[in-house]
Structures are given as C-alpha cells and as structure tokens.
Amino acid sequence: MGQADVNVNLWLKDTKRFADLFNAILFHGETVILPENLHPSPETTAVSLQDAQGKNVVKKQYRDIIMNWQDQAVLMLLAVESQTAIHYAAPLKVMLYDSMEYAEQVRVKWKERPPRLSSAEFLSRFQKNDKLIPVITLIFYYGTEEWDGPLELHQMFDLGTEKNHAELIRRLKNLESFQSDLQIIFGMLQCSQDKYALRTYVANHKDYFQKLDLETYHALGAFLNSRQLMEINVEKNEREELDMCKALEDIYNDGVQAGMEAGIEQGRQSGIAEGEAHGKELGITEGKELGKASTKHDIAFQMQKLGYPLDAIAEVLMESLDSVHKILSVVG
C-alpha cells in the first residue's frame, strides 16, 4: 500500500467521517449509522482452501478499512477500499473480498455447531437456521482521471449492453448529503484540477483549512498528490492545528517562481521544446506559456495574460514599473 492510501485510510477511519460516508451513499444523507455504533473489525481475513492435490492452502486478504456496525438488532460489516488508480476488475476484487468474509463467517459457525445435525446440514457445513452478517464494501476512488471501468459485475460480462457510470467523488452533485467535513473535502476535490479554482475554494473555506489535524493534512496531500503536504514533519503534536491555506500558497508561489525562471531562461536559449518541461507543480501552465516567450515583450505579455500584477512582471524582467508600462503599451 502506498503512502497516499495509508494517509487516506487513516483519515477515513475516523468513525464520524466513516459513518457520514455510508449515510450519504447508502441513505442519501439520512443519519442512520451513528459513529458510536461503529467498531473496528479485523482487517485480515484468512480462508483455508484445497488445491488440486487436495492440500489445504491458506489465503489471506487485507482490507483497507472494515467496521462492525451494531445498532440494536442490526449487524453489518461496512468496508472501504481506497483506490487512487482505475481498477478494471474492481467489482471482482470487491466480490472476492466479501466472499472471503462470508467464508470466514461460515467457518466460525461450523466450529460452533451442535453435535446433532441433519445430513443436509452436515453436507452443507451450514445449519438450516444459520444467518450471515451482510458485508457492504465501497470503493473510495480519489484519482484524477475519470473512472471508465465497470462499477458492477455484470458490466464485466460481454452482454452487448452499454456501460453506465455512477457518480464518483469528483462528480458528486449532492454534497449536502454529507454532514461532516467530507462535504468540504469532496467540494475541494471537484476543483482540484484547476489551481485557480482550488485556491479560491480553499480561501472561501479558510476557517476549515487553517485549522487541520495532522491526519486530515496528510490525507489532503494524498488527494492533491502533493509530496510536500504528505511529508510534513510527522513529529508534530497531532493536536496542533495545521494551516493548509499557507502551505498551498507556499507551494504555488514556489512552483510559479520555478516555472517562470525555468521557462524564461529556456525561452532565451532554445524556445518552446525545453521550456515546457521545466514547469514545476502548480507552476506548470506558467512554465509552458513563458517558455514560449523569447523577448521581454513576449514575457511581459504572457505574464499579463496569466494575471500577474505589474510589480511581479517588473521583478521578473528586472525592470522598473515605468519600463514595464512602456513595454506593455508597445505590445498592446
């Protein structure tokens, strides 16, 4: 499991978020599952199977997150599998995980069987009145590419039917169904591919993003695929509030500066081809555009198009504000 998935799973294990996720997806936002009724369940399932030679082989599966939901007479197992890349056999993967959970339940019940059994029960290794605990698994996909794989097992069959795609995190419309900070985070994910929209969204929700706990901070690093956010000093006190607004600004400014400098330098030397390759992190677009510029006039014009203030243009060109005014008036 990669560091990104580890961060996301630690974040989602919070029972309030976990309950909110299932309430929104399964019950359209109605508060059915309460955090206090969720309890961690063993994340490793082992099943003993016979191979072709009749020998017992133990197979193990490791769940990302699985919780036991106990509400009076209702008992279910709720699981989440985190996915940062598209998995074209996802329904089969989930089916195998769930099947192993059921097989383990059958094994435990069989061990506790009474001495007297009917022949049918003995053959089935399952008593007539035995019941299984339902298992519901959600795949938590937070990758950047649109999911184009199957969502249900029948979509993996060659039946000549057209594929239908369900709502995924980046296309969820009913964010109001979420009652916890999942609503804010999923809203952020929907604009995370546009750095300007992302900065605006974070600024509009600064009361939340300026006071993050360490787990949320690391999870956001995974969602944004930002190594800088994921590698913050883990020695920090987990109760300390972390400011993502400032961190994003720092990353953005560093990236833009690196992109501009690399793009300008390469534009002066050899133009487009190499200049585009030097855009960094959030400065990629600026690096590409400025890499195409070969004169101060071009650079000033491109920076103005990208929305940079005059003092920033002057600093990059190492010119006075009056000179920049004159350059832009000629360009315009």
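Put simply, of Tyr201, Tyr208, Tyr217 the only residue that is in a helix (DSSP H, G or I), modelled with pLDDT of 80 or more, open to solvent by 40 Å² or more (accessible area, probe 1.4 Å) and within 19 Å of Val8 (Cα to Cα) is Tyr208.
Comparison of Thr84, Thr144, Thr137 shows that the only residue that is modelled with pLDDT of 90 or more and either under 37 Å from the mean Cα position of the chain (by Cα) or closer than 29 Å to Asn225 by Cβ (or both) is Thr137.
Tyr102 - would you say it is modelled with pLDDT of 85 or more, among the aromatic types (Phe, Trp, Tyr) and open to solvent by less than 60 Å² (accessible area, probe 1.4 Å)? Considered against the rule, which asks whether it is modelled with pLDDT of 85 or more, among the aromatic types (Phe, Trp, Tyr) and open to solvent by less than 60 Å² (accessible area, probe 1.4 Å), Tyr102 comes out as no. Note on the range 62-88: residues that are touching a helix residue (DSSP H, G or I) at 6+ places or on another chain (Cβ under 8 Å), part of a loop (DSSP other than H, G, I, E, B) and open to solvent by 30 Å² or more (accessible area, probe 1.4 Å) amount to 2. Taken together, the residues in the range 108-127 that are open to solvent by less than 70 Å² (accessible area, probe 1.4 Å), of a type outside the set (Gly, Ala, Ser) and part of a loop (DSSP other than H, G, I, E, B) amount to 4. The residue that is most open to solvent (accessible area, probe 1.4 Å), among those in the range 89-99 that are hydrophobic (A, V, I, L, M, F, W, C) and in contact with a strand residue (DSSP E or B) (Cβ under 8 Å, 6 or more places away or on another chain), is Leu96. Restricting the first member to the range 82-107 and to residues that are without any contact (Cβ under 8 Å) to a residue 40 or more places away in the chain, and the second to residues that are open to solvent by 40 Å² or more (accessible area, probe 1.4 Å) and part of a loop (DSSP other than H, G, I, E, B), the beta-carbon pairs closer than 7 Å and six or more apart or on different chains are Lys93/His87; Tyr102/Leu132; Gln105/Leu132; Gln105/Ile133; Val106/Arg125; Val106/Phe126.
For the range 220-229, enumerate the residues that are in a helix (DSSP H, G or I) and hydrophobic (A, V, I, L, M, F, W, C). Result: Leu220, Ala222, Phe223, Leu229. Checking Arg125 against (1) more than 16 Å from the chain's Cα centre (by Cα); (2) at pLDDT below 80, only one condition comes out false. Which one? Looking at each condition in turn, Arg125 falls short on (2).
Inspection of the range 47-57 identifies at least one residue that is open to solvent by 60 Å² or more (accessible area, probe 1.4 Å), modelled with pLDDT under 85, farther than 30 Å from Ala219 by Cβ and of a type in the set (A, V, I, L, M, F, W, C).
The values are calculated or read from the model by the stated rules, or taken from the named source; none is laboratory data. If you're wondering where the values come from, they're calculated on a predicted model, not measured in any experiment. Neighbour counts are summed over all protein chains in view; Cβ atoms, including those assigned to glycine, are modelled from backbone coordinates with ideal geometry. Accessible surface areas use protein heavy atoms only, side chains included; no ligands, DNA or RNA. Shrake-Rupley method; radii C 1.70, N 1.55, O 1.52, S 1.80 Å.
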